[in-house]
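Laboratory data are not the source of any read-out in this text; all were calculated from the coordinates shown. None of these values were measured; they are calculated from a predicted model. Note that each Cβ is placed from the backbone with ideal geometry, even for glycine, and that neighbours are counted across all protein chains shown.
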Amino acid sequence: VASRAIDGNTNGRYWDLSVTHTAVGANSWWQVDLGNDRPIDEITLHNRTDCCANRLSNYRVSILSASGNTLISRDFHTTSGFTTLSENWALPNTVTGRTVRVETLGNSRAGFEMLSLAEVEVIGTPDSSTSAKSVSAETPDPTQQQSTVENGVAPLFFTLPLGAEIPTYEWSLDLKNWFKADGLDGPTNGVTVTMIPEQTSDSVKLAPRSSPWVPKLFVRETSD
């Protein structure tokens, strides 16, 4: 099931139903359409962990334009090794693209003809000129300072110029169910999210804070 790679769950155990598995065949691929052109700074792949980790080798990660042209790509483990738990690709510069694609270059180095992914995280800085924004990142423990970097990923925030109208935001734990980031709306488990403003000399940063704390959030600007 392709959607298992964007369900917000990095669990790598296949029988826990959060890992993709293509049909058997060379040049297997998986891709996600981001819905609009999005600024992308890094991509992280999470591998299957209960077995078969060496299947994730000899593969390519690409960012495509809306018309399907390759904007940037990188090959991984084509001559040695394989992705163990996860693989992070920090792009040299921000790339604005529509689709992220993962594909094997023939077979894996171990000879397997399928592709399995536990999760694909696409992380970028929102562009204030774009009406719809969606990013994901690890969220900081509220007992720490906002500048804390957790698990190697900076806290999620939106930056607006001073005097700009504050848009509305919505959040999700699983990319399926979305709730208003107003501190009131949330799922039945009691989690709520509020956007906390922090003003600097030339901008306002809006950072989501959950109650109770959760390790990961997906937040996007809405058109409402």
- Message: Counting other beta carbons within 10 Å of each residue's own, what order do ILE196, ILE43 fall into, fewest first?
- Response: ILE196, ILE43
- Query: How many angstrom separate the Cα center of the stretch 176-224 from the Cα center of the stretch 48-86?
  - Reply: 32 Å
- Task: Report the charge-dipole magnitude of the stretch 9-123 in Debye, nearest 20, computed about the Cα centre from +1 at each Lys and Arg Cβ and -1 at each Asp and Glu Cβ.
- Result: 220 debye
- Task: Grab the other residues whose beta carbon is less than 15 angstrom from that of VAL1, score K and R as +1, D and E as -1, and report the net.
- Result: 0
- Message: At 0.36 nm per residue, and after removing the present C-alpha to C-alpha distance, how many nm does the segment from LEU91 to VAL1 gain when stretched out fully?
- Response: 29.6 nm
- Neighbour net charge for VAL193 - beta-carbon separation under 14 angstrom, K R +1, D E -1: -1
- Relative exposure of ILE72, ILE40, judged by other C-beta atoms within 10 Å (fewest first): ILE72, ILE40
- Note on the structure: Within the stretch 73-95, the residues whose backbone N lies under 14 Å from a label point placed 7 Å from the Cα of SER67 along the Cα-to-Cβ direction are none
- Task: Based on other C-beta atoms within 10 Å, arrange THR70, THR99 from fewest to most.
- Result: THR70, THR99
